[in-house]
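Working notes, beginning with the structure itself.
FYI, it's all coordinate maths here, none of it is from the lab. Small disclaimer: the values here were computed from a predicted structure and weren't measured. Here the Cβ positions follow ideal geometry from the backbone for every residue, glycine too, while neighbour counts run over all protein chains shown.
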């Protein structure tokens, strides 16, 4: 069942765009791990926040991806840029008005 | 610029699946209005909550879609099913690790 994970990561003031660069860096292994969509964004309403919206082939695929060497390296690289404030939610996709 | 809107809608207890059915009902006019993705979901951790994750060609396309007759009709239909508790966030997409 397609699994969605959406979240916010707050950066240390002034370092949001460095965090965006890490999260949006081309990573073909995510696709191999079952990532169907991974959008990274920002909002002028919240200048230190990075937003992500992800779709995965399953919750297990998402969970397993966190163990990938490249993902662990990115987490280590991002750590000093994070304020510690995070939010978001995850869910199981059950339908879409765009398809039958 | 691609615009993302993600959110939660809490249903009156016991009526979540009716709300899912309204939100996931096939709606080709959303695509015509610039909707690129519209995933509807649920989570066992929050049994009265419906989740949505949407991508649009622009924030303006999303805003304009709220004025469509079919969307207004769905909002009216959904209203009695809503508890009034809602959450979520929106953002401008700036990148993805899945594409260059």
Can you put A:74, B:65, B:96 in order of Cβ neighbours within 10 angstrom, beginning with the fewest?
A:74, B:65, B:96
List the distances, in nm and shortest first, from the label point of residue A:92 to the matching label points in every other copy, placing each point 7 Å from Cα along the Cα-to-Cβ direction.
3.7
Point-to-point label distance, residue B:36-residue B:92, nm (Cα→Cβ direction, 7 Å offset):
1.4 nm
Nearest-0.05 FRET efficiency for residue B:22 and residue B:48, computed from C-beta distance (R0 22 Å)
0.90
Copies of residue B:48 compared via label points 7 Å along Cα→Cβ give distances in nm, shortest first, of 3.4
I need the inter-copy label distances for residue B:17: point set 7 Å along Cα to C-beta, values in nm with one decimal, smallest first.
5.0
Please compute, over every Cα-Cα pair in the protein assembly as shown, the percentage with a separation greater than 32 angstrom.
16 percent
Sticking with the crude label model, points 7 Å out along Cα→Cβ, report the distance from residue A:76 to residue B:15 in nm, one decimal please.
5.2 nm
Going by the alpha-carbon gyration tensor, a ≥ b ≥ c the square roots of its eigenvalues, is chain A rounded (a/c under 1.5) or, if a/c is not under 1.5, prolate (a/b greater than b/c) versus oblate?
oblate
Distance (nanometres) between label positions extended 7 Å along Cα→Cβ at residue A:69 and residue B:69:
6.0 nm
Counted neighbours (other Cβ, 10 Å), sorted fewest up, put A:100, A:10 in the order A:100, A:10
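At 0.36 nm per residue, and after removing the present C-alpha to C-alpha distance, how many nm does the segment from residue A:60 to residue A:1 gain when stretched out fully?
Working: separation 59, 0.36 × 59 = 21.24 nm, distance 0.99 nm.
Between residue A:60 and residue A:1, full extension yields an extra 20.2 nm.
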List B:94, A:52 from most exposed to least, where exposure is judged by having the fewest other Cβ atoms within 10 Å.
B:94, A:52
